[in-house]
Amino acid sequence: MKLDPTRRLAARLAFGFVLAALLALAPGVNAGLGDRINTQQPNAAGLLKESQPSYQVFESVDSSGRVTLDQYASSSGTVFAVAWRGAGMPDLQAVFGTYFAQFNTLREHSPAARHVLSIDDPGLMVDIHGPNSDIIGRAWVPALVPAGVDVDTVVQPPPAANR
Amino acid sequence: MNKSLCWAGALSATMLAVALAMAGCSSGGSGSGTPSATATLQPTAAPTSTATITSSATATQSPTPGPSPTSGPSPTPLAAAHGSILVVGQGGMAAVINPGSQVVAATGSLPAGIQNGAMVGLQDGRVLYTGGDQGGTALAHAWIWTPNAPSWVQIADMTTARTLHSATVLNDGRVLIAGGFSVIASTPPTAALNSAELFDPATDTFSAVAPMNTARAGHTATLLADNSVLVTGGATQNSTPTYLASGEVYDPASNSWTAVNNQMSVARGGHSASLLDNGEVLIAGTVLAYNGQGCGSTCAATDLYDPTTNSFVATGNLNTARYDQAASILANGQVLVTGGCCGNNGTPLSSAELYNPSQGSWSTTASLQVPRTGHAAVYLTDGRILIAGGASSASTEFYQQQTTLESFLSASSLPAIYANTLAVRLKPLASNQLSLGVGSNGYNFANGMAATLRVCAPNTTNCRRIRATLVDSGSTGVIVFASKLGGVSLPPVTDTTTGNTLGDCEQYVTSSVWGWVASADVYLGSQKITLPIHVLDDTGSFAPPPTACTTSGTFTNTPASFGGNGLVGINPYPDDSGLYYTCTAGSSGTCSAYSPSTSQMVSNPVAALPLDNNGSVVQVDALVQGNSQVAVYGMLTFGIGTASNNQPPSNLTLMQTNASGSIGVAFNGSSYPGLFDTGTSFTGFLTSKLSSLPLCQSGSPGQGLYCPANTATLSTTNSSFKSSIGTNSYGFQIGNASNLLSVPQGQPQNFALQTLGGPTGNFVDFGAPNFFGRPIYIALDNSTTVLGPGPYCAY
């Protein structure tokens, strides 16, 4: 579906509204990489998008209504991977949680580029790319990935919030 | 005897011989250009329109009285090449320098023997040369040179014969002509002119305007942000001249001149004047510096003109007193002053200095390869400065700044010695084009693609030219740093409920910027658009950035960390996708989230064009020196199939994109999104594992990029975003980034790098090198074009 700019805006506002409602219900979406979320109350962590024997995926939209965020949680509830897509960036401090400082250090050692970032580190894998209106990102902590999960294949960007 | 030998020698033929004998400033000696492989030159219009003082000292007086326009022996298509510069020397010789190929070609000459005229590049792309003197007679004649028919065509005369006058292009396109001498012979002594006139490019005619308060010749004339013109100093008459310390300002709106409230630190002739980013004018040098006579300890004094108080204020002293120097502003706002007259025995200077406006002081930088006086300096679109000609040199060189090195590098030679050199950058003749430079952008960036944009307060002639404006096909909207808009006040876009200014955070993948939204007139070529733009707060005058803006990447709210003074985003998407806020006023203001209406958002500049608004064509020349050269040049053309200069060829491959410009890319059986991205320095190609390309060693110059031992030739299958339409095989190369980026100590660096590559994850970013030698058509979302509806990408 094509949206003219006005309808795009309407869509954005609508998403913002839906999200505000979601956030009110779901304090768990603030869990970052390495944090635990309450997998027993799916709606508390965002909408349960997918459930597998060794992990679950919870989907939410950020406070600006622009970015869809998927959090991959192991059976113990630990967020081992994230993936997002949208017009703009999510709050990376919240998304990376306790790994935010490590992410920043690795980012500073990466080539400065406006539209691409690829971090291939044994402790933290990140790739973020795309034009400003359609940024796709994903990250995972290899040490936290449940056994048997092919994380590179499994962690895929969600549909854009706004398209 | 007169002290101002180099400069005042022009005033009188009889004085000339004596001047040469005594001063030896410009004896037409050896043109010792050292052509080298690392030469490229291209300018953007320097906003400082200094009246170049021409010191005619060579004795090439060939009085051919008739001002019949003469065509050069070989008018050349080079004149229309990207980034070319027109150079005119004493005697009327003219040449075009092509910075990309480093070819210099003679073009049509002015009438033989002409000198001391004034030359400016008009807004429409033509070049105007006015007056001067020939065979001892001042001229009222004027000529127009056009890049696509490179000969000088005489037009209607000025109202008055003038030589050593000034010519200044106003923001409305007219040209202010002021002062000069109408009589060369100094017996009896004759006063300078106080008269002024305006050239109208619509009719190619001149008409008298109000005269200056004070007659002057050899003065400077500088366009200020508010479209008025500051003139300073100059000589009062043509024999044993006395020089002026006064200034005055012409206001075209009221057709009146207003004296500056006070005097400069020293009387000045042979000086330079440069418009600074903050709207002030830096004035340096004086002819009285010759042998230190006449000015003593004040010879090296420099002054700032402050338009807000209409007064001069002394600033730091030059390290070396000089005159007939060439001055140019750099991308970072510093002013480079080179050479001039005179060292011991009256020889030209090779020293150069930089003025730092934030410190108010001068520092010595690298020295010219060739001592020069009466030469020209032009800002190039890739951020370097071209230095050309001068009293005794046929050579050219350019000034380049790197992190650890400031240097002048020899470039192609002119066809002959061009004393008293005049130079202008050739702008596109078409209304829908901007010149592009790809290089360091003055900020030490590899493959920085940039243009110069003119930004004005809406419906006014209050404008600034923003050099080093990045061109980015991966984002949408016009961005300008507040510090570059000195003297222009843009009305903020406000929250309709509270009247507060809208804040905007633009997020890139690895960085973010913060500022407010303002309404502006922006010129894309000569077409005006009025739209909300993003003004970045590097002056601390707006609310601090919200946390969400500083944690999503490196906060790059200075031109140096951003890599440019602004950005023009030509992505297909309709708006900047920014995070919007409504903010209370002042530097301690607070912001809360805001949902802007479409008309409040920083919007697509291409879509805002009156014509040519369905997309753009990015065309950059191929490198001519293998995989690496200093810089390369090109053209950004607006519209697809809307004008004669943007007709797509029949063999174009068209790939439909999503609204953000992404295509589909297949490699080794897997599919990924991809983007043709002018805003990224390298070809971003998947991961090391997927591409089989090794990463550079940690700590090497290419850290984080790819470093194959041998340059890899690669091929992807590109197609539409979600279909097989336009499926094509696309070839490119990735080389060793550490080799490309490593610079031997003290050596100059190349900034246009064809084979720079690095990892991007599950994405292919066809960055700036992919545009070299390959025109790429980018159609906007929801657009209509001759090739069908946008959005698409085609090559």
**Request:** Grab the protein assembly as shown and count how many Lys pairs have their alpha-carbon atoms under 27 Å apart, sequence gap of 8 or more, or different chains.
**Result:** 7
**Request:** Please find the FRET efficiency linking B:Asp251 to B:Thr187, where r is the Cβ-Cβ separation and R0 is fixed at 41 Å, and quote it to the nearest 0.05.
**Result:** 0.65
**Request:** Go ahead and estimate [θ] at 222 nm for the protein assembly as shown from helices alone: -39,500 (n - 2.57) per DSSP H run with n ≥ 4, summed, over the residue count, rounded to 500.
**Result:** -2000 deg cm²/dmol
**Message:** Using Cα-Cα distances under 8 Å and only pairs 6 or more residues apart, what relative contact order does the stretch B:86-219 have, in percent?
**Reply:** 16
**Fill in**
Here D for chain B, in µm²/s, from Stokes-Einstein with a Kirkwood Rh over Cα pairs at 20 °C and 1.002 mPa s, works out to 80
**Prompt:** What FRET efficiency, computed as 1/(1 + (r/R0)^6) with R0 = 25 Å and r the Cβ-Cβ distance, is obtained for A:Thr98 and A:Asp150, rounded to the nearest 0.05?
**Reply:** 0.50
**Asked** When Cβ neighbours within 10 Å are restricted to other protein chains, what is their mean count per residue of peptide B:752-761?
**Response** 4
**Item:** Over the stretch B:550-690, equivalent-ellipsoid semi-axes from the Cα gyration tensor in Å
**Value:** 31, 22, 19
**Residue mean of other protein chain beta carbons inside 10 Å, B:550-560** = 3
**Item:** Cα-projected label distance for A:Arg36 with A:Ser51, points at 7 Å along beta-carbon direction, nm
**Value:** 2.0
**Complete:** Per residue of B:704-714, other chain Cβ atoms within 10 Å number on average 1
**Asked** What would the Debye formula give as log10 I(q)/I(0) at q = 0.18, 0.19, 0.20 Å⁻¹ for the alpha-carbon point model of the stretch A:27-154, no solvent?
**Response** -0.94, -1.05, -1.16
**Request:** Please give the FRET efficiency for B:Ser595 paired with A:Ser75, using the beta carbon to beta carbon distance and R0 = 45 Å, rounded to the nearest 0.05.
**Result:** 0.70
**Prompt:** If one takes the longest principal axis of the Cα atoms in chain B, at what angle in degrees, from 0 to 90 and to the nearest 10, does the Cα axis of helix B:13-23 lie?
**Reply:** 70
**Complete:** Protection proxy (average C-beta count within 10 Å per residue), highest first, orders B:366-379, B:304-317, B:511-524 as B:366-379, B:511-524, B:304-317
**Request:** Using only alpha carbon pairs under 8 Å that are at least six residues apart, calculate the relative contact order of the stretch A:27-154 and give it in whole percent.
**Result:** 22
**Request:** Grab the Cα-Cα distance for B:Ser587 and B:Ala140, subtract it from 0.36 nm times how many residues apart they are, and report the gain in nm with one decimal.
**Result:** 155.5 nm
**Prompt:** Listing B:Thr338, B:Thr554 from the residue with the fewest other Cβ atoms within 10 Å to the one with the most, what is the order?
**Reply:** B:Thr554, B:Thr338
**Item:** Segment B:Asn651-B:Asn344, length gained on full extension (0.36 nm per residue, minus Cα span)
**Value:** 104.2 nm
**Asked** How many percent of Cα pairs in the protein assembly as shown exceed 46 Å?
**Response** 30
**Complete:** Taking a crude spin-label model, label points 7 Å out from Cα along the C-beta direction, the B:Ala210 to B:Ala314 distance in nm is 3.2
**Mean Cα-pair separation over length for chain B, i.e. relative contact order, pairs under 8 Å, 6 or more apart, %** = 11
**Message:** Need the full-extension length gain, B:Thr554 to B:Thr530, defined as separation in residues times 0.36 nm minus the C-alpha distance. One decimal, nm.
**Reply:** 5.6 nm
**Request:** Sticking with the crude label model, points 7 Å out along Cα→Cβ, report the distance from B:Gln154 to B:Asn710 in nm, one decimal please.
**Result:** 6.5
**Asked** For the modelled label position 7 Å from the Cα of B:Thr498 along Cα-to-Cβ, which residues of the stretch B:530-561 have backbone nitrogen atoms closer than 16 Å?
**Response** B:542-547
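Only the coordinates and a few stated rules stand behind these numbers; no lab work does. The model shown is predicted, which means the values in this text are computed figures rather than measured ones. Virtual Cβ from ideal backbone geometry, glycine too; neighbours counted across all protein chains shown.
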